[in-house]
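Let me begin by presenting the structure, written as structure tokens, before commenting on it.
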Amino acid sequence: MLEPVITNRELAARYGWKPQTERANRIKGQTPPYVKVGNRILYRVADVLAWESVRHYTSTADERVRRASA
């Protein structure tokens, strides 16, 4: 069975980014892992959800602590 995927444009829409922002963030490594099939960029939904879950904060202090320990 095939895993559900979304396109780079769908990922950009999910986060309210322009497609150019998604591309720039992908180049900088600031997006979920992706799969390149020919000239298409695809994101596995499971990877997107996992990427989001490690960026879940309850306060700005949480983010500072996580950055300091990285």
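The values are calculated or read from the model by the stated rules, or taken from the named source; none is laboratory data. Since the model is a prediction, treat every value here as computed from it, not as a measurement. FYI the Cβ positions are ideal-geometry reconstructions off the backbone, even for glycines, and counts take in every protein chain you see.
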Please verify whether segment 7-28 includes one or more residues that are without any contact (Cβ under 8 Å) to a residue 24 or more places away in the chain, hydroxyl-bearing (Ser, Thr, Tyr) and surrounded by 17 or more Cβ atoms within 10 Å (Cβ to Cβ).
no
When the residues of segment 46-70 are narrowed to those that are among the aliphatic types (A, V, I, L, M) and at pLDDT 95 or above, which ends up surrounded by the fewest Cβ atoms within 10 Å (Cβ to Cβ)?
49
Output the residue which, of all residues in segment 36-45 that are surrounded by fewer than 16 Cβ atoms within 10 Å (Cβ to Cβ) and among the β-branched types (Val, Ile, Thr), is nearest to residue 23 (Cα to Cα).
37
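Every residue, every condition in (1) in contact with a Phe, Trp or Tyr (Cβ under 9 Å, 6 or more places away or on another chain); (2) modelled with pLDDT of 95 or more; (3) not polar (S, T, N, Q), yes or no:
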{"position": "2", "(1), (2), (3)": "no, no, yes"}
{"position": "6", "(1), (2), (3)": "yes, yes, yes"}
{"position": "9", "(1), (2), (3)": "no, yes, yes"}
{"position": "13", "(1), (2), (3)": "no, yes, yes"}
{"position": "18", "(1), (2), (3)": "no, yes, yes"}
{"position": "28", "(1), (2), (3)": "no, yes, yes"}
{"position": "34", "(1), (2), (3)": "yes, yes, yes"}
{"position": "39", "(1), (2), (3)": "no, yes, no"}
{"position": "44", "(1), (2), (3)": "yes, yes, yes"}
Unmet requirement for residue 31, which otherwise passes all of (1) of a type in the set (Val, Ile, Thr); (2) surrounded by fewer than 12 Cβ atoms within 10 Å (Cβ to Cβ); (3) within 10 Å of the chain's Cα centre (by Cα)
(2)
